[in-house]
Structure formats: C-alpha cells, structure tokens
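Notes follow the structure.
The values are calculated or read from the model by the stated rules, or taken from the named source; none is laboratory data. Because the structure is predicted, anything quoted here is derived from the model rather than measured. Here Cβ is always computed from backbone atoms with ideal geometry, including for glycine, and neighbour counts include all displayed protein chains. These accessible areas exclude ligands, DNA and RNA; they are computed on the full protein's heavy atoms, side chains included. Shrake-Rupley method; radii C 1.70, N 1.55, O 1.52, S 1.80 Å.
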Amino acid sequence: MKAAILSDIHSNLEALQIVIKDIKRRRIKSILCLGDLVGYGANPNECVELTMKEAKIVVAGNHDWAALEKTDISTFNPIAADAIRWTKENINKTRLNQLNRLKFTATVDNLLLVHATPETPEQWKYVFSLEEFKQQFQFFKTQLCFVGHSHIPGAVFQDANGYTDLVGDNPFPLIESRRYIVNVGSVGQPRDFDPRATYAIYDGNKHAVEIVRLNYNIPRAQQKILDAGLPEVLAERLLAGR
Ligand SMILES: [Fe+2]
C-alpha cells in the first residue's frame, strides 16, 4: 500500500488544495487524515467537504471535537478558543455531521492512525520529547503509528531492544525490526519555523516514509483570515511557521 497521510488542515483551503494536487500528481490513491480539519482558518466548510471527499479514512482531532462541543474549550488558549467560536458560527450542519461521525483511531494494514497519542486518543495529550515518544510505543502493536496534533513533523523509532531515537533522514527506510511513530506535521498551520504545507507519504512497497513540504499561497490564506474577522495573529503565524 502507498498512502498520503495528512493532518491539521485547520480550515486552510489554500494549503489543502496544494497538498491534494501534489498527491494526485504522484498518483497516490489512498489519502488518510489524522484530524483537526477545522479551527484557526477561514474555510471550515470547504476543508471538511474536500477532505471527506478525498480521504479514505479520517480520524477526529481536538478542534473538530471542540467545534462539536465534545471537547471543553476552557483548555484551549484564548486565540484557539476564539477561532472555535468563529468556526461554530460559520460551519454548516452537513459538515458538522460529517465531523461528528469520526472515530478516535483507525488501523489500516500495519498502520495505526490517531490524532494525538495511541495511549489516550481522547485526551489530546502532546508528545514532544524523546522520552514521551518512547512511552507511547507500549500502547500500540502495529509497526507504524502516524500522529499529528503538535504540528511538528518528524519520526522516532524503537528497535527490538527498546532503544528509541529520532530518525535523522528524510525520506527514511523502514527497517523490519523497528517500529515507528511518525508525526506528519500540519497541512494548514506548520509550527516548526517552516511555513510550507506538510504531509507524509508511506510507501509500503518500497518500505519508506517521506515528509513532504510544499509552498502554497500564504498571503491569500492570510487575507481570508483577516477578512473573516478572525484574530490577526492567526494570519501572522502562517508566514512565521510557528
Ligand atoms: Fe491541530
């Protein structure tokens, strides 16, 4: 199986369109999505519609759940909470119903798909350090686990002896005796100081994973955020990539 895995679109239609175009150019048939379709950006309806049309599997993210009032936004920072209130006012029932049907996890072949952590998908925990990644390996059995949530792309492996480390290369080969957690980064709001839209390609035939970065029309996405009356800082951070 060859699949494109994307996450954290966050209502950024300009970024999502570029990513889907790139996936089609590469003739990849399977698109898998790790959630956070909405929140922050100006096109929630369009992003839910396009993602649900193109992706074979979509799991839920915390912002999707917040738009549905299934996650308490008191844990969100004030700007994220503002964006959720805006999203609730601007998203239509059809798209909300689609979000409401999403599950927390999905397994395809030897891949586990989850927005935050395999340990407690519904608690939206953040995993940043190597030690935190190391703990997560005990909570899934597949060779690979793909996550999003932090908006920071990267991969960690664990060998048969429990030795855990960062994967340094991109693209990188999958070694049979190792298991992997891959953060696919964010389509619509990267936070690793690289503002380009991000997604991952899993190639089960060539046993490899690649993180892909793409330029997109950031000024247009920014202008839409400003025109929508969303917090200005949400436009600024798209260019800053943080
Ligand atoms: Fe997110």
Point to revise | Crossing angle, helix 218-227 versus the chain [Cα axis fit, 0-90 degrees, rounded to tens] | key: 40
Exercise for review: May I ask for the net charge around VAL156, where only other residues with Cβ less than 12 Å from the Cβ of VAL156 are counted and Lys, Arg are +1 while Asp, Glu are -1?
Suggested key: -1
**Study point:** Residues with amide H under 5 Å from that of ALA197, placed H, sequence gap 5 or more
**Key:** LEU214, TYR216
Review point. For ARG179, what accessible area in Å² do you get when you roll a 1.4 Å probe over the heavy atoms of the protein chains, rounding to the nearest 10?
Key: 60
Check your understanding: Who wins for biggest fluctuation among GLN136, GLN17, GLN98 in a Gaussian network model of the chain, springs between alpha carbons below 10 Å?
Key -> GLN98
Revision key, fill the gap. Scoring the range 71-173 by relative contact order with C-alpha pairs under 8 Å, at least six apart, yields a percentage of 19
Revision key, fill the gap. In order over the range 129-135: 3J(HN,Hα) from phi, Karplus 6.51/-1.76/1.60, θ = phi - 60°, whole Hz, x for each Gly or Pro, gives 7, 4, 4, 5, 5, 3, 4
Exercise for review: Measure nothing fancy, just the Cα-based angle from helix 78-90's long axis to the longest principal axis of the chain, in degrees from 0 to 90, nearest 10.
Suggested key: 70
**Study point:** Accessible-area value, GLU69, 1.4 Å probe, nucleic acids and ligands omitted, Å²
**Key:** 130
Check your understanding: Calculated from DSSP H runs of 4 or more alone, at -39500 (n - 2.57) each and per residue, what is the 222 nm mean residue ellipticity of the chain, nearest 500?
Key -> -9000 deg cm²/dmol
Practice item. For the range 146-242, with all protein chains present and a 1.4 Å probe, just round the carbon and sulfur fraction of the accessible area to a whole percent. Key: 49
Exercise for review: Could you state the accessible area per residue of the range 2-240 in Å², with a 1.4 Å probe and every protein chain left in place?
Suggested key: 45
Practice item. Considering only DSSP beta bridges where both residues belong to the chain, give the percentage that are antiparallel (nearest 5). Key: 65
Check your understanding: For LEU130 and ALA160 in one chain, what is 0.36 nm times their gap in residues minus the Cα-Cα distance, to one decimal in nm?
Key -> 9.1 nm
Check your understanding: In degrees from 0 to 90, rounded to the nearest 10, what is the angle of the helix 13-25 Cα long axis to the longest principal axis of the chain?
Key -> 40
Practice item. Holding the Cα-Cα limit at 19 Å, pick out from LYS21/LYS53; LYS2/LYS134; LYS70/LYS93 the pairs that are longer than that. Key: LYS2/LYS134
Check your understanding: Remind me, relative contact order of the range 2-240 in percent, using alpha carbon pairs under 8 angstrom and six or more residues apart?
Key -> 23
Practice item. Could you work out the relative contact order of the range 1-132, using alpha carbon pairs under 8 angstrom and six or more residues apart, expressed as a whole percent? Key: 23
